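Following: one structure in structure tokens, then a few remarks.
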Amino acid sequence: MRIADDDLPFITASNLTFPEGNIGTTNAFITVNLSAVSQAPVELHYDVTPGNATPGVDFVAAPGIVHFAANQKSRTIPITVIGDTQFEPAETVHLDLHSASGATLRTPRAQLTISNDDAPPAVTIRIGTTDNGPAIYFDTLPGVIYELQHRTNLTQGSWSNTNLVQTNIGNTVTTRMPPGFLRVLAR
């Protein structure tokens, strides 16, 4: 007696991190794999949807269908990324997979992380005073991580991280600082 193996292959998709670029559009390709080759064609529907990225600004939202020919094990799905020169945190886009035929869907969602590749803005520091003594002020941007460093000599010595009391007022950070020199790094 012969027993037929009628188990369908599994469909999986891989997450991807991709630089946004500065102008125009570029395609990021997410790889979709079958766990085993299939003797019959496989069809898979997908939607490109927002995570925290904005459709039409950061990427192009689009549905589609990917076809695996018989004996084909891997395919790529393009996601169109829209470049800009604005410093911003990484943004996410989802590739939602559904309606598979000829295979079983194991990974219903893959994520594209669009990484920022733009330089951080210059930080303008203003010196002032508060009820507690001298303070510095600088404007902030949403999603940007600021690292404060100080040293006692402008030209010599290493920069040390400054753990100071910070107060966020709107988009401005106010902080007390020790004597010496201060720099603010935006990341």
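Cβ-Cβ contacts under 6 Å between residues 6 or more apart (or on different chains), taken from a first residue in the stretch 88-111 that is assigned by TED's automatic domain parsing to the domain that holds His45 and on the phi > 0 side of the Ramachandran plot to a second residue that is at pLDDT 95 or above and surrounded by 16 or more Cβ atoms within 10 Å (Cβ to Cβ), are listed as Gly102/Val42.
In the stretch 11-31 there is no residue matching the filter, namely being assigned to a loop (DSSP other than H, G, I, E, B) and farther than 16 Å from Ile114 by Cα. When Gly64, Gly21 are checked against the criterion of being loosely packed, with under 14 Cβ neighbours inside 10 Å and out of contact with any Ser or Thr (no Cβ under 8 Å at 6 or more places or on another chain), Gly64 stands alone in meeting it.
The values are calculated or read from the model by the stated rules, or taken from the named source; none is laboratory data. Computed from a predicted model, the values in this text were never measured in an experiment. Quick reminder, even Gly has a Cβ in these numbers, built from the backbone with ideal geometry, and neighbours come from all protein chains shown.
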